[in-house]
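Peer 1: Before I ask anything, let me first share the structure, which is written out below as structure tokens.
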Amino acid sequence: MAVHYQPQVQLDTGKIKSFEALLRWRNPKFGNVPPLKFIPLAEETGLITSIGAWVIDHVCAQIAQWRQKGWAGFRVAVNISPKQFLDPGLAGLIGRTLEKYKLPASVLEIEITEGAMEDKGHILKVLSSLKEMGLTISVDDFGTGYSSLNYLKKFPVDILKIDQSFVRELENSQKDAAITKTIIHLAHQLGLEVVAEGVEEQGQVEFLQSARCQKAQGYFFSRPVPAEEVEKQLFV
Ligand code: C2E
Ligand code: CA
Ligand code: CA
């Protein structure tokens with residue numbers, strides 16, 4: 001298993017202050033297995049808890065190593081699947097891992113999908129503990145779940161991530177353009193940050209800039225790359 005990092009670019013300055021950590025699995029028999037295949041399997045078998053703990057440990061170790069080299073002041077977002085949120089020890093585990101590597105909580109961001117917010121009581125507790133610890137909370141694939149907007153009032157959310165299905169057709173579909181603008185506006189009105197994902201073209205970047213979307217990530221800027229590649233590209 002390995003973790004790749006995809007930079008998130010600030011659209012006003014072009015600077016990179018955050019990354020998303022994405023899990024990679026290279027199997028000797030099957031080659032590269034995409035996360036969309038193995039994550040659901042790991043959820044079914046219960047393995048997701050130990051895989052999730054490994055990702056958090058691995059990412060924190062990497063951040064600590066970068067900080068030792070003097071590369072600080074950025075944050076890494078880790079995907080947490082709905083099943084992982086069922087583990088009552090999640091917040092404790094994250095807290096202990098940050099301590100182990102002597103990291104401030106501000107270096108970590110948690111990505112949670114809208115669907116996971118449906119289980120109100122338990123998830124609210126976990127997210128509130130994480131928020132109190134100082135972590136950043138972002139809603140992944142925003143706009144694709146079935147949950148009501150009500151959770152935005154109740155949950156301690158910091159960031160909305162516009163799903164790539166809206167970004168893909170931004171330039172050809174008036175509906176996708178309208179939805180994207182509306183999500184950006186909603187985020188601004190709520191005082192949240194907004195990130196567009198799956199940005200592949202210059203035209204999409206221009207649209208997002210003029211709509212005042214703060215950050216973007218996608219193949220236009222960089223694919224998810226191994227840590228060494230991040231170092232070569234950015235920390236020189
Ligand atoms: P996601 O969290 O929505 O991640 C974004 C996906 O879009 C990633 O796919 C990324 O490689 C891909 N992507 C980034 N930029 C572009 C672009 O410009 N165009 C296109 N077409 N795609 C782009 P990936 O790495 O295959 O991950 C798929 C999903 O697997 C993730 O979706 C996430 O839900 C899950 N996943 C990945 N790593 C982890 C992990 O460590 N833990 C958990 N629980 N889930 C993970
Ligand atoms: Ca994500
Ligand atoms: Ca996403």
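We did not get these values from a lab; they are worked out from the coordinates using the rules stated. In this text, all values refer to a predicted model and were calculated from it rather than measured experimentally. Note that each Cβ is placed from the backbone with ideal geometry, even for glycine, and that neighbours are counted across all protein chains shown.
Peer 1: Considering only 128, 222, 50, give the residue with the highest GNM mean-square fluctuation for the chain, with springs between Cα atoms whenever their separation is below 10 Å.
Peer 2: 50
Peer 1: Something else now. What longest range of the chain stays clear of loop-exposed trypsin sites (Lys or Arg not before Pro) (DSSP non-H/G/I/E/B, at most 10 other C-beta within 10 angstrom)? Don't jump to the answer; show the numbers that get you there.
Peer 2: Details: sites that count: 29, 69, 102.
It runs 103-236.
Peer 1: Still on this model: Give the calculated FRET efficiency between residue 133 and residue 26 to the nearest 0.05, with a Förster radius of 41 Å applied to their Cβ-Cβ distance.
Peer 2: Numbers: r = 33 Å, r/R0 = 0.80.
The value I calculate is 0.80.
Peer 1: Taking each full run of DSSP H in the chain as one helix, which ones are at least 20 Å long along their axis (Cα atoms) and have mean Kyte-Doolittle hydropathy of at least 0.0? Walk me through the numbers before you get to the answer.
Peer 2: Details: long enough: 48-68 (30 Å, 0.42); 174-190 (24 Å, 0.02).
Those that pass (Cα extent of 20 Å or more, hydropathy at least 0.0) are 48-68, 174-190.
Peer 1: Given a Förster radius of 25 Å and the C-beta distance between residue 57 and residue 33 as r, what FRET efficiency does 1/(1 + (r/R0)^6) yield to the nearest 0.05? Before the final figure, lay out the partial values.
Peer 2: On the way: r = 21 Å, r/R0 = 0.84.
Once the sixth-power term is evaluated, E becomes 0.75.
Peer 1: Let me ask something else about it. So which residue, out of 38, 30, 207, gets the largest mean-square fluctuation from a GNM of the chain using Cα contacts under 10 Å as springs?
Peer 2: Result for the chain, Cα springs under 10 Å: 30 fluctuates most.
Peer 1: Output the antiparallel fraction of DSSP beta bridges having both residues in the chain, as a percent to the nearest 5. Please list the in-between numbers first.
Peer 2: On the way: 15 of 37 bridges.
Approximately 40 percent, going by the DSSP bridge assignments.
Peer 1: Under the 0.36 nm per residue contour assumption, what length would be gained going from the current alpha-carbon distance of residue 105 and residue 2 to full extension? Working shown, then result.
Peer 2: Values: separation 103, 0.36 × 103 = 37.08 nm, distance 2.25 nm.
Difference between extended and current length: 34.8 nm.
Peer 1: For a label point 7 angstrom out from the Cα of residue 190 toward its Cβ, which stretches of region 198-217 have the backbone nitrogen within less than 17 Å?
Peer 2: Answer for this model: 213-215.
Peer 1: Let me ask something additional. At a Cα cut-off below 17 Å, give the lysines reachable from residue 154, other chains included and same-chain residues fewer than 8 away excluded.
Peer 2: The qualifying lysines are 120, 125, 131.
Peer 1: On to the next question. Note the full-extension length gain between residue 93 and residue 153 as 0.36 nm times their separation in residues minus their Cα-Cα distance, in nm to one decimal.
Peer 2: Working: separation 60, 0.36 × 60 = 21.60 nm, distance 2.68 nm.
Here the answer is 18.9 nm.
Peer 1: Separate question: I'd like the chymotrypsin sites (Phe, Trp or Tyr not before Pro) in region 57-92 restricted to DSSP loop residues with at most 15 other Cβ atoms within 10 Å, sorted by number.
Peer 2: On the way: sites: 66, 71, 74, 85; in loops: 71, 74.
Of the chymotrypsin sites (Phe, Trp or Tyr not before Pro), the ones in loops of region 57-92 whose Cβ has at most 15 other Cβ atoms within 10 Å are 71.
Peer 1: OK, next. Let's see if you can work this out: charge +1 on each Lys and Arg Cβ, -1 on each Asp and Glu Cβ, no other charges. What is the dipole magnitude of the chain about its Cα centre, in debye to the nearest 20? Intermediate results must be reported in sequence, preceding the final value.
Peer 2: Numbers: 26 positive and 28 negative charges, 122 e Å.
In debye, rounded to 20, the chain gives about 580.
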